[in-house]
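As structure tokens, the structure follows; a few thoughts come after it.
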Amino acid sequence: KMEHKGATAALAEAASGRAFELEPQAIATIALSLVKLGAANASDKRRSAGVRALKRLARAARRVMDQFNFQDLDNLASAYAKLGRPRWGGKLASSIAAAAVAHGAARFPPRHLANVLWGVAKLASGCKLASGAVVSEPRIVALCQMVSSAMASRISEYNARDLSNAAWSFLTLGRFERGTMLAIASRAASTLETFNAQETSKLLYAMRKASVHSAALEAAASKPREHTLDIAPHNGPPILLTHLLGGGRFAAGAASKREETGATAATGGALWEGSLLLAKWLSAHPTPAQASASLPPIGTRLLGSGAWGGDAATQLTWLGRTAVELGAGLGLPSIVAGRLGLQ
């Protein structure tokens, strides 16, 4: 949030130099912090400070993995999974899986267990341990078996994100038990009101790919929902949206070809969380000046650029400005932007 490259680089350099001196909690916390701060990404050069630090932290973690508790394993798996660098993480995924199995499912809160499985699946798929095939690495297989058994016996303890992530992870690793997938589907069907569109889409995609059919889940996902967004009074009446959590996947005439991407079958039927967030933000900042004041430095620079800049008078209205919306589902940000005067 600070967007201070100097501080982030300094943290990366310090972590790289002291990685093997750190306790497990510090390793996991610093790795997750570096990823959130954007210290490294998929396009970074091989020897950048952030890449070097995260590599050394991963090696340090593998040396003391048996000392990580469930929270630290969760943070570590999440950090490297969210990093998204290709061909990274095979050894780390195996090591995290082994440590989780050594703890045993009984010692893992459901949320952390599902997160660790998701992180291992992301790492394994990125390094081709589970790319279009059934993973055979013994420690990851053991983790899948442990989580599958735990979920089958304690399914009521898992929330929407857990269920969605677990179903996707089992599918990605090619290690899913039909009974467990059906238990996930049944639990999801009875609690679908707690799911957002992304979670629903991921879950339904996993079920379809695994050839697991649940009439109750499909019926719940295809039920129309209503959402009302009450924007500022001077921008008109509340906006009422009718949408489908499943994105129209089971609606009459919905195309299925787009499912190959992992997206919904009809993205125009789903209300995406990012779309709702942007619409609410726009409605709370009815002038460019207010928007600029609330943004971090990079956003302020954008609004002050040639396309958005101008004198003080032009900063008091969005009228006459142009916006383009891409991939926001039902087009809610465009509706709000139009109310504000954007074209």
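The values are calculated or read from the model by the stated rules, or taken from the named source; none is laboratory data. This is a predicted model, so every value here is computed, not measured. Glycine also receives a Cβ, built like all others from the backbone with ideal geometry; neighbour counts cover every protein chain displayed. Ligands, DNA and RNA are stripped out before the accessible areas are found, and what is left, the full protein with its side chains, is counted by its heavy atoms. Shrake-Rupley method; radii C 1.70, N 1.55, O 1.52, S 1.80 Å.
Report, ordered by the first and then the second residue, all pairs with beta carbons closer than 7 Å, sequence separation of six or more or different chains, a first member in the stretch 73-84 that is among the polar types (S, T, N, Q), and a second member that is crowded, with 24+ Cβ neighbours inside 10 Å and part of a helix (DSSP H, G or I).
From residues that are among the polar types (S, T, N, Q), the pairs are 75/28; 78/115; 78/119.
Can you name the condition, by its number, that residue 98 falls short on among (1) open to solvent by less than 10 Å² (accessible area, probe 1.4 Å); (2) farther than 21 Å from residue 167 by Cβ; (3) touching a residue at least 40 places away in the same chain (Cβ under 8 Å)?
Evaluating residue 98 over (1) open to solvent by less than 10 Å² (accessible area, probe 1.4 Å); (2) farther than 21 Å from residue 167 by Cβ; (3) touching a residue at least 40 places away in the same chain (Cβ under 8 Å) leaves (1) as the failure.
Among the aromatic types (Phe, Trp, Tyr) and surrounded by 15 or more Cβ atoms within 10 Å (Cβ to Cβ): does that describe residue 20? Before you say what the answer is, go through the steps one by one.
Details: among the aromatic types (Phe, Trp, Tyr): yes; surrounded by 15 or more Cβ atoms within 10 Å (Cβ to Cβ): no.
Answer is no for this residue.
Please pick out the residue among 327, 274, 320, 269 that is of a type outside the set (A, V, I, L, M), more than 24 Å from residue 199 (Cβ to Cβ) and either open to solvent by 30 Å² or more (accessible area, probe 1.4 Å) or at pLDDT below 80 (or both). Spell out how you get there, then give the answer.
Numbers: 327 fails: more than 24 Å from residue 199 (Cβ to Cβ); 274 fails: more than 24 Å from residue 199 (Cβ to Cβ); 269 fails: more than 24 Å from residue 199 (Cβ to Cβ).
From the options 327, 274, 320, 269, the qualifying one is 320.
Take the stretch 149-171 and flag every residue that is hydroxyl-bearing (Ser, Thr, Tyr) and under 15 Å from residue 207 (Cβ atoms).
Start the filter on the stretch 149-171 by keeping residues that are hydroxyl-bearing (Ser, Thr, Tyr), which leaves 149, 153, 156, 158, 164, 169.
Correct list: 164, 169.
Consider only pairs whose beta carbons are under 9 Å apart and that are at least six residues apart or on different chains; among these, list those whose first residue lies in the stretch 170-197 and is without any contact (Cβ under 8 Å) to a residue 40 or more places away in the chain and whose second residue is buried (at least 21 other Cβ atoms within 10 Å of the Cβ) and of a type in the set (D, E, K, R).
What qualifies is 188/199.
Results for (1) in a helix (DSSP H, G or I); (2) more than 26 Å from residue 74 (Cα to Cα); (3) in contact with a Gly (Cβ under 7 Å, 6 or more places away or on another chain), shown as yes or no for each residue.
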position	(1), (2), (3)
162	yes, no, no
175	no, no, no
180	yes, no, no
201	yes, no, yes
213	no, yes, no
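Name the one entry in 90, 119 that is within 19 Å of the chain's Cα centre (by Cα) and among the small types (Gly, Ala, Ser). Lay out the reasoning, then the answer.
Working: 90 fails: within 19 Å of the chain's Cα centre (by Cα).
One residue alone meets the criteria, 119.
Please specify each residue of the stretch 182-199 satisfying the condition of being part of a helix (DSSP H, G or I) and open to solvent by less than 40 Å² (accessible area, probe 1.4 Å).
Step one: filter the stretch 182-199 for residues part of a helix (DSSP H, G or I), giving 182-190, 192-194, 197-199.
If the condition is that a residue be part of a helix (DSSP H, G or I) and open to solvent by less than 40 Å² (accessible area, probe 1.4 Å), then 183, 184, 185, 188, 189, 192, 197, 199 are the ones that fit.
Within the bounds of the stretch 50-71, is there any residue that is more than 30 Å from residue 141 (Cβ to Cβ) and open to solvent by 30 Å² or more (accessible area, probe 1.4 Å)?
There is at least one residue in the stretch 50-71 that is more than 30 Å from residue 141 (Cβ to Cβ) and open to solvent by 30 Å² or more (accessible area, probe 1.4 Å).
Find the residue count for the stretch 21-35, including only residues that are farther than 12 Å from residue 54 by Cα, in contact (Cβ under 8 Å) with a residue 12 or more places away in the chain and part of a helix (DSSP H, G or I).
Count: 2.
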